[in-house]
């Protein structure tokens, strides 16, 4: 007797996955049109905004002859500011997503988690394209050496996006419970900037401070990214299991809070 490997249950599961993927794709397109309009310049601004800011910071540091412990200043800024842009966009743009998309919840196949994921994918996609364009331009202009390990760069970028998404979920839920939380997002991001790892490598710090710095998940993301950028010319300190645990915990807490806060979301 032959056995059909595709059971009705597995077939319905795959069909459900396809439906959810179409839903998320439609939400991404809606988010793009809502935020940037139908004009080409509006869409391009998704990529141009982080590009302009990154190029501006690189130019400023170069003019000021900022010290970077023997590392190429442009590569050091690029490996710091682009992941920082991903962190800032991901952890802030999700806050207003709930109330803006609540009317869509009347559709049976759309959930709050889908709207949050669609907005996150849009932010990751735009920032990733900006990273590729800026790196390609600086590399072709001879301002940067080739990256050392693409796998480590992708790992650092992936963990930065994943951890930022989890933090964004938590902040989005808390902002619906406590209205003042939304006003604290920008101060929160500025306060975490000195300890994020953008401006330093862990190896540059005193040994006592290194242990404290490695408690910050963002530091591990920057160290991973820069390890892939500079290779053996630096000593990078990071722990993938620690990052994995932080991402799992923040995302689990975030999704739990989102489900709990659904009834608190107010229409705009």
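The values are calculated or read from the model by the stated rules, or taken from the named source; none is laboratory data. These figures come from a predicted structure and were not determined experimentally. In this analysis, Cβ positions are derived from the backbone assuming ideal geometry, glycine residues included, and neighbour counts consider all displayed protein chains.
Summary table below
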| quantity | calculated |
| --- | --- |
| Flag if residue 83 is at pLDDT below 70, closer than 30 Å to residue 236 by Cα and surrounded by 22 or more Cβ atoms within 10 Å (Cβ to Cβ) | no |
| Residues that are at pLDDT 90 or above and either part of a helix (DSSP H, G or I) or surrounded by 19 or more Cβ atoms within 10 Å (Cβ to Cβ) (or both), drawn from segment 133-156 | 150, 151, 152, 153, 154, 155, 156 |
| Residue 51 in a helix (DSSP H, G or I) and modelled with pLDDT under 70 | yes |
| Every residue from segment 157-187 that is over 19 Å from residue 253 (Cα atoms), touching a residue at least 24 places away in the same chain (Cβ under 8 Å) and loosely packed, with under 15 Cβ neighbours inside 10 Å | 186 |
| Meets criteria (touching a helix residue (DSSP H, G or I) at 6+ places or on another chain (Cβ under 8 Å), closer than 22 Å to residue 258 by Cα and assigned to a helix (DSSP H, G or I)) for residue 173 | yes |
| Segment 189-200, residues that are assigned to a helix (DSSP H, G or I) and in contact (Cβ under 8 Å) with a residue 24 or more places away in the chain | 189, 192, 193, 195 |
| Condition broken by residue 246, with the remaining ones in (1) outside any loop (DSSP other than H, G, I, E, B); (2) in contact with a helix residue (DSSP H, G or I) (Cβ under 9 Å, 6 or more places away or on another chain); (3) surrounded by fewer than 16 Cβ atoms within 10 Å (Cβ to Cβ) satisfied | (3) |
| Criterion: over 19 Å from residue 76 (Cα atoms) and under 21 Å from the mean Cα position of the chain (by Cα) - qualifying residue of 174, 193 | 174 |
| Members of segment 201-236 that are outside any helix (DSSP H, G or I) and surrounded by 18 or more Cβ atoms within 10 Å (Cβ to Cβ) | 201, 214, 234, 236 |
| Flag for residue 241 being modelled with pLDDT of 90 or more, within 23 Å of the chain's Cα centre (by Cα), surrounded by fewer than 12 Cβ atoms within 10 Å (Cβ to Cβ) and in a helix (DSSP H, G or I) | yes |
